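The values are calculated or read from the model by the stated rules, or taken from the named source; none is laboratory data. Keep in mind it's a predicted model, so treat the numbers as computed, not measured. Cβ: placed from backbone, ideal geometry, glycine included. Neighbour counts: every protein chain shown.
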Amino acid sequence: MIAPDRNPNAGRSGLRLVLLADDDLEVRSGVAELLSPLGLEFLHAESGPQAVEILRLELVRLDLLVLDMHMPGFGGLEVLNRLRDELGSLPTICCSGEATDELAARALEAGARAFLRKPLQPLALREEVIRALELDH
């Protein structure tokens, strides 16, 4: 499948759309609060199956995926593997509180742009998002 063009509405409102997939509401809320000043809007998923559903419905509009490796149903690695062809060039940042070097390597091999360990360090996350979206901040 050919990857669709990214977010055709991004130039109109100036806002970029991010899917935050993490089973922890506090993490999703904290990440959204941290990154909102960068001109980002958010969709939320609390499980692997929900992330896949949202990705399939909203892929053309999405600019970034922030993906937890351990979620109910299945984790981020399976999300990446199930949607590898469809995700195309969608920048993906993976994170995990139970991270191993092997898991990080597998996520990067599956197409993630970066892998961050939890607890997330706000500056590190912000820098990765700025790099992934090529923002001028």
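If you scan the range 12-37, which residues turn out to be touching a Leu at 6+ places or on another chain (Cβ under 6 Å) and over 26 Å from G73 (Cβ atoms)? The answer is R16, and nothing else. Within the range 1-23, the set of residues being modelled with pLDDT under 95, of a type outside the set (S, T, N, Q) and in a loop (DSSP other than H, G, I, E, B) comprises M1, I2, A3, P4, D5, R6, P8, G14, L15.
One line per residue, one yes/no per condition, for (1) buried (at least 18 other Cβ atoms within 10 Å of the Cβ); (2) at pLDDT 95 or above; (3) outside any loop (DSSP other than H, G, I, E, B); (4) more than 15 Å from the chain's Cα centre (by Cα):
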residue: E98; (1), (2), (3), (4): no, no, no, yes
residue: E102; (1), (2), (3), (4): no, yes, yes, yes
residue: P119; (1), (2), (3), (4): no, yes, no, yes
residue: R126; (1), (2), (3), (4): yes, yes, yes, no
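Contact map, the range 29-57: residues that are under 15 Å from I93 (Cβ atoms) and surrounded by fewer than 17 Cβ atoms within 10 Å (Cβ to Cβ) paired with residues that are modelled with pLDDT under 95 and of a type outside the set (A, V, I, L, M, F, W, C), Cβ distance under 8 Å, separation 6+ or inter-chain. Pairs shown: L38/H137. When E58, E86, E26, E41 are checked against the criterion of being charged (D, E, K, R) and either at positive phi or part of a strand (DSSP E or B) (or both), E41 stands alone in meeting it.
Within the range 61-83, work out how many residues are in a helix (DSSP H, G or I) and either within 18 Å of H44 (Cα to Cα) or touching a Phe, Trp or Tyr at 6+ places or on another chain (Cβ under 7 Å) (or both).
6
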